[in-house]
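What follows draws every value from the coordinates through simple rules; no lab data is involved. Computed from a predicted model, the values in this text were never measured in an experiment. So basically every Cβ, Gly included, is an ideal-geometry build from the backbone, and we count neighbours across all protein chains shown.
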Amino acid sequence: MDAQLVRIVIGAALVLIGGAVMQGGVLRKLGWGPVSVVIHGNRPARTPRSAVAVGVLLTVIGMAVVVTGFLPAAMTTGSVPGTPEAAPPAASSPPRTSAVSPGGARSVRGRWEGSLGAVKLAVTQVDAANGLVTLHLEAVNNSPVTVMLIAPGNFTATDDRGTTYHAAAILTGWPYLVQSGQTAKGTIKLDMPLTAGATSLSVSFDSVIGSPVYGPLTVEDVGLPR
């Protein structure tokens with residue numbers, strides 16, 4: 001049985017017993033109750049006054065037990081059941097590895113994700129060469145319909161300095177059509193060099209054509225190579 005329920009039941013029983021003992025003691029004191037039991041001709045084993053005192057004590061203890069039974073577990077045990085203590089905060093999607101190629105190109109690999117309804121978008125790698133950025137993307141379509149993620153014209157990226165970029169006009173690596181139940185992978189190259197000092201990007205398809213859910217499909221805080 002649940003510990004809180006056990007405390008409530010025990011407390012309620014003590015309150016009832018205490019109330020009965022008090023009532024019997026008061027009635028005997030007033031001369032209305034039953035005749036006290038006499039043992040071997042001596043005086044009663046328990047006087048009405050002592051019966052009242054015992055009843056009060058039992059009632060107070062019972063009420064205390066009931067109250068603690070109704071208190072949340074966090075107040076009686078110091079923690080919330082089922083919640084790990086000192087659990088570290090979940091990282092959004094930190095970069096996993098960084099690399100610099102012999103030609104000076106830099107890259108960072110990780111997994112930064114966003115979703116709109118049943119359609120998910122992930123950035124898995126960011127390459128930077130001569131200030132120009134190429135994004136490696138995965139689109140997962142778990143909706144029952146085929147959707148289109150069109151770029152350029154429907155794709156933007158904004159860095160943490162406030163500069164907005166678009167997809168380059170000539171794209172060869174992005175399959176904009178994603179069928180139901182399928183995953184599409186490809187690359188999108190941004191149309192101009194990064195602003196100096198930028199450390200992250202927010203990338204977004206402004207709309208998911210064909211999706212029953214309206215709105216942008218966005219991935220926040222995508223790490224940039226350093």
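Footprinting exposure proxy ranking of Arg106, Arg226, fewest other C-beta atoms within 10 angstrom first, gives Arg226, Arg106. Couplings 3J(HN,Hα) for segment 197-208, derived from phi with the Karplus relation 6.51 cos²θ - 1.76 cosθ + 1.60 (θ = phi - 60°), are x, 5, 10, 8, 10, 10, 10, 7, 8, 5, 8, 10 Hz, where x marks Gly and Pro.
Arrange Tyr165, Tyr214 by Cβ neighbour counts within 10 Å, fewest through most, would you?
By the 10 Å Cβ count, ascending, the order reads Tyr214, Tyr165.
Remark on Ile209: its backbone amide H falls under 5 Å from those of Met148, Ile150, a criterion applied only to residues 5 or more positions apart or on other chains, H modelled at 1.01 Å from N.
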